[in-house]
Amino acid sequence: MSSFSSQDHPENDPKYKGLKVNKGVEQGPSVNPEAAKRFLKRKKRVLSPEEYVDGILKGDVTILSRAVTLVESARPDHQKTAQEIIEKCLPYAGKSIRLGITGVPGAGKSTFIEALGMHIINNGGKLAVLAIDPSSERSKGSILGDKTRMEKLSGEKDAYIRPSPSAGSLGGVARKTRETIILCEAAGFDTIFIETVGVGQSETAVHSMVDFFLLLQIAGAGDELQGIKRGIMEMADAITVNKADGNNIQRAELAKAEYKSALHLFPPTKSGWEPKVKTCSSIKGIGIDEIWKMVLEYVEQTKANNYFESNRRSQAKYWMIESINENLRNHFYQHPGIKDEISLFEQMVLNDEKSSFIAAKELLEKYFKQL
């Protein structure tokens with residue numbers, strides 16, 4: 001009977017005469033064990049709020065990213081640390097120009113952001129690009145892929161590109177973005193771009209946290225004013241028609257004239273600024289410097305008439321109220337005495353056993369009794 005082990009090479013079985021296969025060399029670990037230990041040791045190190053703040057104020061982008069991750073986390077201990085960091089960073093924040101950018105799909109936002117961003121950096125600025133995208137988990141939204149498309153900008157030491165949280169309510173994502181602005185400003189970024197890549201109310205959320213709101217458009221896509229919400233047009237401090245190059249220049253100029261006519265129909269702005277329409281080519285770099293000059297002109301004008309500061313104070317008050325509303329809503333829906341009741345009341349409403357208003361009133365009464 002053969003004593004051949006099944007674990008050995010089959011070729012070494014005595015029945016195969018003249019064949020012999022040597023045992024292979026034992027495979028070593030794919031990662032250097034010492035390096036792995038050092039990595040784990042470094043990874044486990046928890047920074048204190050003071051260390052976070054110190055790193056942020058020194059412009060350490062790695063520590064800034066870790067602090068932003070705490071802001072985005074839902075864990076109570078992370079939130080507690082994040083709020084402490086934000087509070088300590090507040091005195092160093094507020095010194096940037098906050099620019100909101102929105103636009104129709106295909107308007108070339110990524111290319112535009114990179115072109116304008118490179119112009120700012122080449123003129124000695126420091127830029128952070130953030131996003132508001134509550135739908136990115138579904139759509140894999142723009143900026144989540146833009147970081148790879150903005151090759152020049154993402155390679156710059158004076159640029160910081162941060163995708164938004166990939167899930168959650170618009171209010172939650174927007175609040176986290178606003179808190180991230182504070183951290184970026186404390187880290188020395190003097191210009192903040194906030195891109196909206198979601199749909200619907202995300203433009204309103206962006207408008208409520210920026211100094212200047214830019215609407216990016218393209219020409220030659222049918223009726224220029226078709227499909228553009230009046231609300232977004234009214235919010236815009238400027239409209240820029242992108243891709244104004246080559247055979248598209250004439251169409252871009254025509255679109256510019258149409259937008260100018262449309263803007264005259266809106267009432268005067270509270271800021272005293274008359275919204276402007278520009279054309280540019282992000283790929284060719286044409287008109288980019290004019291757009292930035294326009295933003296600086298707006299900042300100068302609104303600072304002179306005190307609108308700049310009063311608008312920021314109004315925004316701070318707005319986000320305080322929004323945070324209260326969000327926390328109350330979350331507390332209500334997560335309350336153990338209410339969570340089980342909601343589905344029961346929903347069924348009663350669906351069965352016409354209770355009206356929507358009575359059901360809501362009774363649920364709230366139950367909630368307040370259990371506080």
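The values are calculated or read from the model by the stated rules, or taken from the named source; none is laboratory data. For clarity, every value in this text was computed on a predicted model and none was experimentally measured. No Cβ is skipped: glycine too gets one built from the backbone with ideal geometry, and neighbour counts run over all protein chains shown.
Computed values, structure above
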quantity: Hits in segment 274-287 (condition: surrounded by fewer than 18 Cβ atoms within 10 Å (Cβ to Cβ) and not in a strand (DSSP E or B)); calculated: Glu274, Ile283, Lys284, Gly285
quantity: Count of segment 258-293 residues which are in contact with a strand residue (DSSP E or B) (Cβ under 8 Å, 6 or more places away or on another chain) and more than 14 Å from Phe112 (Cβ to Cβ); calculated: 6
quantity: Hits in segment 95-107 - residues which are surrounded by fewer than 21 Cβ atoms within 10 Å (Cβ to Cβ) and more than 21 Å from Gly59 (Cβ to Cβ); calculated: Val104, Pro105, Gly106
quantity: Leu90 being at pLDDT 65 or above and surrounded by 14 or more Cβ atoms within 10 Å (Cβ to Cβ); calculated: no
quantity: Candidates Glu290, Glu234, Glu326, filtered to the one that is farther than 30 Å from Ala74 by Cβ and either under 24 Å from the mean Cα position of the chain (by Cα) or buried (at least 17 other Cβ atoms within 10 Å of the Cβ) (or both); calculated: Glu234
quantity: Any chance Phe266 is of a type in the set (Phe, Trp, Tyr), out of contact with any Asp or Glu (no Cβ under 8 Å at 6 or more places or on another chain), on the phi < 0 side of the Ramachandran plot and exposed (fewer than 15 other Cβ atoms within 10 Å of the Cβ); calculated: no
quantity: Residue in segment 244-260 that is in a helix (DSSP H, G or I), touching a helix residue (DSSP H, G or I) at 6+ places or on another chain (Cβ under 9 Å) and assigned by TED's automatic domain parsing to the domain that holds Glu203 present; calculated: yes
quantity: From Ile321, Ile338, residue being at pLDDT 90 or above, more than 15 Å from Gly94 (Cα to Cα) and either of a type in the set (Gly, Ala, Ser) or touching a helix residue (DSSP H, G or I) at 6+ places or on another chain (Cβ under 6 Å) (or both); calculated: Ile338
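One line per residue, one yes/no per condition, for (1) hydrophobic (A, V, I, L, M, F, W, C); (2) touching a residue at least 12 places away in the same chain (Cβ under 8 Å); (3) loosely packed, with under 12 Cβ neighbours inside 10 Å; (4) at negative phi:
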position: Arg312; (1), (2), (3), (4): no, yes, no, yes
position: Gln315; (1), (2), (3), (4): no, yes, no, yes
position: Asn330; (1), (2), (3), (4): no, no, no, yes
position: Gly337; (1), (2), (3), (4): no, yes, yes, yes
position: Asp340; (1), (2), (3), (4): no, no, yes, yes
position: Phe357; (1), (2), (3), (4): yes, no, yes, yes
position: Lys366; (1), (2), (3), (4): no, yes, no, yes
